[in-house]
Amino acid sequence: EPLPAGPPANRAAAAVNYQVKCDPTTWQTGVCDTGYYLLIGDMMEEAHNAFVNDHGFRPPRLVNLAGSFAGASKTPQLDVIDYYGVVIAEQPCKDASGQEIDGKYTYETMQILICIEPLGSTEALERAVRHELFHAVQASYTNVVEDRTKQAVKQTDWLVEGTATAAERSGD
């Protein structure tokens, strides 16, 4: 599916709010605090705005809630989209083959895992956020999802990983 030519001129940019939570399945010592939740949430929102609002990609395929009810009177708030599905964990994180990873987007659960080195650089963390969020953007395109869940994954891995790496570095 072709990308639009240029930025989305006639589309109103929705405000986004990323809700970050800690991985409940592993022991965390230094990353499950408000500071990291806010840092990763801000990085996700900045990358989202760059990919979706500035460059015209589709919104990411993540667990989300479009609109909510706020206040005692439960007033509908339809101008903000909340994205849930962002999980943080302390490094080392490993994939199914035992290799250490900085993060992972899971197509089946529509969630992003970001692995944090508590004393690591924010630049490396930001690159991991951009890389994994771009995988979620890729997953909003039907052909990518189909390729990632079939035998074609071996044939398309270079393209999916290569473009996510380019997107990761586009913030530098």
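The values are calculated or read from the model by the stated rules, or taken from the named source; none is laboratory data. These numbers were taken from a predicted model, which means no experiment stands behind them. Every residue, glycine among them, receives a Cβ derived from its backbone with ideal geometry; neighbour counts consider all protein chains shown. We work out accessible area using only protein heavy atoms, side chains counted, and drop any ligands, DNA or RNA first. Shrake-Rupley method; radii C 1.70, N 1.55, O 1.52, S 1.80 Å.
Points worth noting:
- Test: LEU62 is at pLDDT 70 or above, open to solvent by 90 Å² or more (accessible area, probe 1.4 Å) and either in contact with a Leu (Cβ under 6 Å, 6 or more places away or on another chain) or closer than 21 Å to LEU133 by Cα (or both): no
- Only one of the numbered conditions (1) open to solvent by 70 Å² or more (accessible area, probe 1.4 Å); (2) within 21 Å of THR163 (Cβ to Cβ); (3) of a type in the set (Phe, Trp, Tyr) is violated by PHE134, and that is (1).
- Residue among ALA50, ALA96, ALA70, ALA12 that is under 25 Å from ALA166 (Cα atoms), aliphatic (A, V, I, L, M), surrounded by fewer than 18 Cβ atoms within 10 Å (Cβ to Cβ) and modelled with pLDDT under 85: ALA96
- Neighbours by Cβ (under 9 Å, 6+ apart or cross-chain): first from region 91-118, within 15 Å of LEU39 (Cα to Cα); second exposed (fewer than 14 other Cβ atoms within 10 Å of the Cβ): CYS115/PRO92; CYS115/GLU100; ILE116/GLY30; GLU117/PRO92; GLU117/ALA124; PRO118/THR29; PRO118/GLY30
- Subset tally (residues that are among the basic types (Lys, Arg) and modelled with pLDDT under 80) for region 113-168: 3
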